[in-house]
Amino acid sequence: MDWYPLLNSLRIAAISTAAVFFLGIFAAHYIAKLPRLVKGVLDVVLTLPLVLPPTVVGWLLLVLLGPKHPIGAWVLDTFGVRLTMNWWSAIFATIVVAFPLMYRTARGAFESFDQNLADAGRTLGRSETWIFWRVQMPVCKQGILAGTVLAFARALGEYGATSMVAGYTPGRTATISTTVYQLWRTNDDIGALKWVLVNIAISAVFLLAVNLLESRKGGRR
Amino acid sequence: MSLTVRIKKQLGDFCLEADFTAEQETLALLGASGCGKSVTLKCIAGILQPDEGLIQLDGQTLYDSAAGVCLPPQKRGVGYLFQNYALFPNMTVRQNIAAAVTDKSRRRAVAEEKLRQFQLEPLADLKPAQLSGGQQQRTALARILASEPRAILLDEPFSALDSYLKYQMELELTEMLERFSGPILFVTHDQGEVFRACRRVCVMDQGRTQGVLTLRELFHAPGTQAAARLSGCKNLADAVPQGTKAVLPQWGLTLECDRPVPADIRCAGIRADLISPHPQEGANAVPCTVQRVIQDVFTTIVLLRPEGAAVDAPPLRMEVDRDARQTVENGSRLTVFIQSRDILLLK
């Protein structure tokens, strides 16, 4: 059995989760401080990928990044790199679909954070950076971890946008989800079943991890 | 060492106007809940920014709208005791206290010293959630003092404690505060706390401070209705000045005062515990009907209806010692006496 799709799926999910972790926390932290109207608009825009069909996200990404479209064409001309149809092209797709999960869970955690704690830190002479990393992040740890796990699971399972942006090339851009589709299309039910079982196993482990985090959060309060 | 505050801040349709100076003392900021006490403290600490005005501590300008000065909270040297103590839940008692020391070389030594001073050594490795309310407050105070503030702000420090613990903590707090050299602002709505912990008090009503009074003044000449109410005066009625007399139309009374009643007096106050059922020479005698008798823990409260009171007038409230109480029955007639010096003349 060729394990390339597993390796590819895991590295795409890992890299996009790392990116989404910082992007989501950054967005949640700064958007929480904005005026209500701006916050409402940004909230809708940033959460949209969660409810849009992945094919719509894929189409929008192709319009931006495809070799015949502005950004994609510019990068191709300047660096000689095509942004689509590489194994890492899928990262664009998974970042967009996983971002809302991280952003929303982190924002929920930050919103329930007691502002008095931050103010106490300030009156004690502590910097904003110190307060954020030493008080706010540890206090919101459970929520942020849960968001990270959800984002990873979502990135791992991405199919629609990935198949449009990265396509399916065995040994190059194949992921678990695109491989399952391909094997089913070619009537290889045994091959498809193997990958289905692998996928179910990984997802189950991740959901278990989320539940453990959530129950620890409940027990502590 | 003194703290001068002269600020204005508009919050929706609520206007805050605070103007007072605290010397090296514990100054009470007394007001009903929602009157702007906490906002005032937050402006002093730099957590909120006033619209205009001046805040000076120890000769240093913390905020001055005219000069465009507004120091961040980190640079103000003002300690703030939050109502919920705001201890960092992810840190132990020791770490909480150490967090207040920004100078890394002294962090350990200062933290250990405060742990010892506040008898927190046995609790040093516990998290705030494992502490009782009193222990949390002690930790919060130790943490504030570890940051070496030049002034301390206490925001309703006892509101989260039950009454027995509250008494204990009051003792501890007043002891600790006596050793602190710098202005302390003590926000509360409880006149008893003011009486036990402070010598001077600034009354705040609907966002406005009403000048600084001594305790004596607060209880004997509060000056305004709001101050009289906050000092625990239960009987307040509209009054019309008439020479040395005050006419109280609501209760159909004309009371003789021991001093001329200024023309701008609009209200009179009589403390419930200064109304006596025993005849006294030169006192105003007020014939009443007993409306209701209520047994309180240490006193008996008698609600009276002066003869000639208007139909919708509130009752006159008298409080007498439980032991000294006579047998007063609902509906019986009782003449009570009010000394001419005990009538509070209020604007």
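Which condition from (1) open to solvent by 60 Å² or more (accessible area, probe 1.4 Å); (2) assigned to a helix (DSSP H, G or I) is the one that B:Thr254 breaks?
Result: B:Thr254 passes all but (2).
Take the residues in the stretch B:41-72 that are within 13 Å of chain A (Cβ to nearest Cβ), in contact with a Leu (Cβ under 7 Å, 6 or more places away or on another chain) and free of Cβ contacts under 8 Å to residues at least 60 places away in the same chain, then tell me which one is farthest from B:Ala18 (Cα to Cα).
Restricting to residues being within 13 Å of chain A (Cβ to nearest Cβ), in contact with a Leu (Cβ under 7 Å, 6 or more places away or on another chain) and free of Cβ contacts under 8 Å to residues at least 60 places away in the same chain, the top hit is B:Leu71.
May I ask you to list pairs of residues, at least six apart or on different chains, whose Cβ atoms are under 7 Å apart, with the first in the stretch A:109-120 being over 18 Å from A:Ala28 (Cα atoms) and the second being surrounded by fewer than 20 Cβ atoms within 10 Å (Cβ to Cβ) and not β-branched (Val, Ile, Thr)?
From the stretch A:109-120, the pairs are A:Asn116/B:Asn84.
Could you check, for the stretch A:91-99, whether at least one of its residues is assigned to a helix (DSSP H, G or I), in contact with a Lys or Arg (Cβ under 8 Å, 6 or more places away or on another chain) and within 14 Å of chain B (Cβ to nearest Cβ)?
no
Test B:Ala100 against the stated conditions and say whether it is touching a residue at least 12 places away in the same chain (Cβ under 8 Å), farther than 22 Å from B:Leu16 by Cβ and not in a loop (DSSP other than H, G, I, E, B).
No; evaluated as a whole, the condition is false for this residue.
Restricting to the stretch A:16-36, give me the number of residues that are open to solvent by 60 Å² or more (accessible area, probe 1.4 Å) and assigned to a loop (DSSP other than H, G, I, E, B).
Residues that pass the stated criteria total 3.
Can you tell me which of B:Tyr80, B:Tyr85 is within 14 Å of chain A (Cβ to nearest Cβ), in a strand (DSSP E or B) and closer than 21 Å to B:Asp155 by Cα?
When all the criteria are applied, what remains is B:Tyr80.
Restricting to the stretch B:48-61, what's the tally of residues that are in a strand (DSSP E or B) and closer than 21 Å to B:Gly207 by Cα?
Summing the residues that are in a strand (DSSP E or B) and closer than 21 Å to B:Gly207 by Cα in the stretch B:48-61 gives 5.
For the stretch B:88-125, give me each residue that is open to solvent by 10 Å² or more (accessible area, probe 1.4 Å), under 31 Å from the mean Cα position of the chain (by Cα) and within 8 Å of chain A (Cβ to nearest Cβ).
Hit for the stretch B:88-125 is B:Pro89, nothing else.
Residues of the stretch B:38-67 being charged (D, E, K, R), more than 25 Å from the chain's Cα centre (by Cα) and surrounded by 15 or more Cβ atoms within 10 Å (Cβ to Cβ), which ones?
Within the stretch B:38-67, just B:Asp64 meets the criteria.
If you take the residues of the stretch A:108-141 that are part of a helix (DSSP H, G or I) and of a type in the set (Asp, Glu), which of them is least open to solvent (accessible area, probe 1.4 Å)?
By that ranking, first place goes to A:Asp119.
Identify the residue in the stretch B:12-41 that is out of contact with any helix residue (DSSP H, G or I) (no Cβ under 7 Å at 6 or more places or on another chain) and part of a strand (DSSP E or B) and, among all such residues, is nearest to B:Glu193 (Cα to Cα).
Among residues in the stretch B:12-41 that are out of contact with any helix residue (DSSP H, G or I) (no Cβ under 7 Å at 6 or more places or on another chain) and part of a strand (DSSP E or B), the one nearest to B:Glu193 (Cα to Cα) is B:Leu27.
In the stretch B:8-26, which residue that is buried (at least 22 other Cβ atoms within 10 Å of the Cβ) and not polar (S, T, N, Q) is farthest from B:Ile184 (Cα to Cα)?
B:Leu16
I'd like to verify a number: residues in the stretch B:263-319 that are free of Cβ contacts under 8 Å to residues at least 24 places away in the same chain and surrounded by 16 or more Cβ atoms within 10 Å (Cβ to Cβ), how many?
Result for the stretch B:263-319: 2.
The values are calculated or read from the model by the stated rules, or taken from the named source; none is laboratory data. Everything numeric here is computed off the predicted structure, so don't read it as measured data. All Cβ positions, even for glycine, are placed from backbone atoms using ideal geometry, and neighbour counts span all protein chains on display. When the accessible area is computed, the model is the full protein with side chains, heavy atoms only, and any ligands, DNA or RNA have been set aside. Shrake-Rupley method; radii C 1.70, N 1.55, O 1.52, S 1.80 Å.
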